[in-house]
Structure formats: C-alpha cells, structure tokens
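Trainee: Mind looking over this structure? Questions follow.
The values are calculated or read from the model by the stated rules, or taken from the named source; none is laboratory data. Remember, it's a predicted structure, so these values are computed and weren't measured experimentally. Every residue, glycine among them, receives a Cβ derived from its backbone with ideal geometry; neighbour counts consider all protein chains shown.
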Amino acid sequence: METTNIPDDLTPVIDFHGHLCPGLLIGYRAAKAAQGRLAGPRAEDEELVCVVENDSCSVDAVQFMTGCTFGKGNLIWRDHGKQVFTWLRRPDGAGVRLAYIGDLNRERLPDPAADRAARVERLLTAPDQELFEIGEPQTGLPAEARIHKTLACDRCGEGVMETRTIKDQGQTYCLPCASTLGLKVEPKIC
Ligand SMILES: [Zn+2]
Ligand SMILES: [Zn+2]
C-alpha cells in the first residue's frame with residue numbers, strides 16, 4: 001500500500017503486526033496520546049494496565065508500544081466491540097480513557113482504496129482531539145495478576161489453572177472437558 005511518511009516509531013509496530021492498516025494506526029495513536037498524558041514509560045511489569053474494549057488490529061499497537069500485554073496480565077480485554085482504550089497507572093491510579101471517534105460523521109468516499117488511503121493519512125496526521133474523545137477512566141484498577149494453583153483435569157489429564165476448573169461429583173474438569181460432558185460452563189464475565 002502506498003503511504004506517505006511513516007514515522008520512525010511506527011515502523012517496528014508494523015513489523016510486529018505484519019501490515020499497516022487503519023486499525024493498527026488507531027492503536028498507535030491511542031498509545032501515543034496516552035503516553036503523552038501519563039508521561040509513562042513502556043510497562044516492564046504491571047505498573048501500567050490497559051483495558052481494551054475490542055480485540056482488533058489496534059490492540060497489537062497497544063501491546064507493542066505500551067508494554068501492556070496479554071501475557072503479562074496487564075492487558076484486560078472487554079469484549080464490547082468498541083475502539084475504547086483505558087490506561088491506568090498502578091502507583092497513583094492516574095489514567096486516561098480514549099474513545100475513537102475518527103470515523104463518526106465521516107464523509108464516504110466513492111473508491112474504497114482511496115478511502116483507505118485517506119483514512120491512513122488522516123490517522124497519521126489528525127490531532128488527538130479529532131481522533132479521540134479523551135477523558136477520565138470509567139473503570140478502576142483491576143486486581144494484580146495472581147499465580148494460581150494448577151490442577152490436573154480428571155478427564156483429559158492436562159494441567160489447568162484452578163480458577164478455570166469445573167467441579168462435578170468429586171471430579172475436577174477443565175472447561176473444554178466440562179463442556180464435552182454437558183456440564184454447565186458459565187461464560188467468562190468481563
Ligand atoms: Zn491490521
Ligand atoms: Zn480436560
């Protein structure tokens with residue numbers, strides 16, 4: 001895809017994600033806006049937490065740039081299908097919420113390719129306030145990630161975190177096995 005000027009700090013984000021797309025740029029701009037406001041470095045551990053309300057391309061930029069990652073437990077996914085990102089800092093609870101508004105009231109362009117190029121250009125150059133509604137967090141700090149005991153599932157024998165097991169008639173099952181056996185598996189609440 002033809003693009004204008006790619007900022008230096010965007011190149012490794014594109015490498016990480018695999019391609020340049022409007023979604024990635026939404027996360028890139030959100031991360032930069034949050035970093036500017038929280039004056040925070042990239043999170044090495046859990047000092048910075050990000051709550052994302054979607055699981056699309058944008059979240060890869062969030063993870064790469066702010067160090068809030070799925071594996072470290074300081075990336076919380078809420079399945080709301082919204083391009084909304086909230087960063088919270090652990091020591092003082094300071095935070096910022098960014099809701100993407102860049103596509104609202106956008107005039108449709110006739111050519112999808114031109115539309116995409118125009119979106120990319122706009123996402124690279126528009127000021128933060130045109131892309132995001134920026135406000136206070138509407139969510140508190142989640143509990144710090146804890147290490148849970150691992151149990152063996154009585155059906156498949158695989159190890160499973162205790163908090164994700166289903167007990168039935170003295171047996172302990174992992175969620176896939178519990179589901180296979182027809183046991184009630186509560187949906188994960190977020
Ligand atoms: Zn993408
Ligand atoms: Zn199992």
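Trainee: If we keep just the residues of the range 138-159 that are in contact (Cβ under 8 Å) with a residue 60 or more places away in the chain and closer than 23 Å to A30 by Cβ, which is nearest to ligand 2 (Cβ to nearest atom)?
Mentor: Checking each candidate, the answer is A145.
Trainee: In the range 31-52, how many are more than 16 Å from N74 (Cβ to Cβ) and among the aliphatic types (A, V, I, L, M)?
Mentor: Adding up the residues that qualify gives 2.
Trainee: Do we find that G93 is within 16 Å of ligand 2 (Cβ to nearest atom) and surrounded by fewer than 12 Cβ atoms within 10 Å (Cβ to Cβ) in this structure?
Mentor: no
Trainee: Quick one: in the range 96-122, which of the residues that are assigned to a loop (DSSP other than H, G, I, E, B) and either at pLDDT 85 or above or touching a His at 6+ places or on another chain (Cβ under 8 Å) (or both) is surrounded by the fewest Cβ atoms within 10 Å (Cβ to Cβ)?
Mentor: So the residue we want is I101.
Trainee: Can you work out which of the residues in the range 14-67 that are outside any loop (DSSP other than H, G, I, E, B) and basic (K, R) is farthest from V96 (Cα to Cα)? Talk me through it step by step, then tell me what you get.
Mentor: Step one: filter the range 14-67 for residues outside any loop (DSSP other than H, G, I, E, B), giving 14-17, 22-38, 48-52, 58-66.
With the extra rule that they be basic (K, R), the set shrinks to 29, 32, 37.
Working: R29: 14, K32: 12, R37: 8 Å.
Result: R29.
Trainee: Can I ask one more? How many residues does the range 123-161 contain that are of a type in the set (D, E, K, R) and part of a helix (DSSP H, G or I)?
Mentor: 2
Trainee: Right, something else. Any chance you could count how many residues in the range 17-43 are within 16 Å of ligand 1 (Cβ to nearest atom) and in contact with an Asp or Glu (Cβ under 6 Å, 6 or more places away or on another chain)?
Mentor: Within the range 17-43, residues that are within 16 Å of ligand 1 (Cβ to nearest atom) and in contact with an Asp or Glu (Cβ under 6 Å, 6 or more places away or on another chain) number 1.
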